[in-house]
Every structure is written in C-alpha cells, then in structure tokens.
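> Structure below; questions to follow.
Rule-based calculations on the coordinates, nothing more; no lab input. Small disclaimer: the values here were computed from a predicted structure and weren't measured.
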C-alpha cells in the first residue's frame, strides 16, 4: 500500500487503498482484500495520516468451536515529518521522510495494525453459550440432556 504523496497538493485529501492479504503477508486468519480509508493532511513540513482499516477474517469461536467470518476494524494515526537528516526514534507513530523520497509505504503499518486487531477472545457472537462441558453439545443450537447440577460440578 503505497501513497505517492508528491502527486498531492498541500491540504486535506481522502484516499481509499486496497491490497490482497497475501501480498501484505497476513496470517491465514485473513482473506480477501484489506481496505484502508485515509485522511491525508499534507503541509510543507509534514504529512499526517488518519487511517481506518477493515479486513475480513475467518476465526474459530473460543466458546463453541464453530468457524465464523467477521470484519475487524482499526483506526490509527501516523505522522511523517520531512527531514534532511535521517532520524531514528522509538515512537512508531512518527516517521521521517528524506527529500529524495516521494512515496510512503504503509504495508508494514497495515500488517501490524491488522494483526493487533485480532481479538484476544474470539466469539462468533457476544451471547455465545459455548459447549456443554459434560456432553459437548453446542448450547447455541440445542439444549443438552445433562442436568444443571451436573454441569456446575465440572
């Protein structure tokens, strides 16, 4: 995902970028294209990008063990400062552009923010009931014949 910022005048610009997940190197959880909607604020000294990321995923529910598809979203902000001398910083949101550069490559940032968007607890839906610990019945689909006393003892 590359933006050739020299093609844009100073001011605010809306950008829509799309890239296949395999080209970005994303894990097997992702499929299709990653979409990125950016608001680029370009000035003579810096570029500020406010981006909204959307990616399609296939996950396994942590409660009921069913596969489901969902979209993940993430918003991130990046600042690019024009500088003649390359500078190294530990701040991930601030980057430096030398005068000989004319493009911004967002590929590694999109990769990181997409991976960070994967939830710690993957649920097919918020009210997922999960599996019965005794008989393994998916409680979203049916009631099991185990007594409630037996379920609580496990």
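> From the P(r) of region 33-117, can you give the percent of Cα pairs sitting at distances over 20 Å?
Percent of Cα pairs beyond 20 Å in region 33-117: 45.
> By how many degrees, 0 to 90 and rounded to 10, does the Cα axis of helix 107-116 deviate from the longest principal axis of the chain?
Taking the Cα atoms of the chain, the angle to 107-116 is about 30 degrees.
> Which one, [x] 22.2, 72; [y] 15.6, 56; [z] 15.0, 47, gives Rg and Dmax of the Cα atoms in Å as derived from the coordinates shown?
Looking at Rg and Dmax of the Cα atoms in Å for this model, the match is [x].
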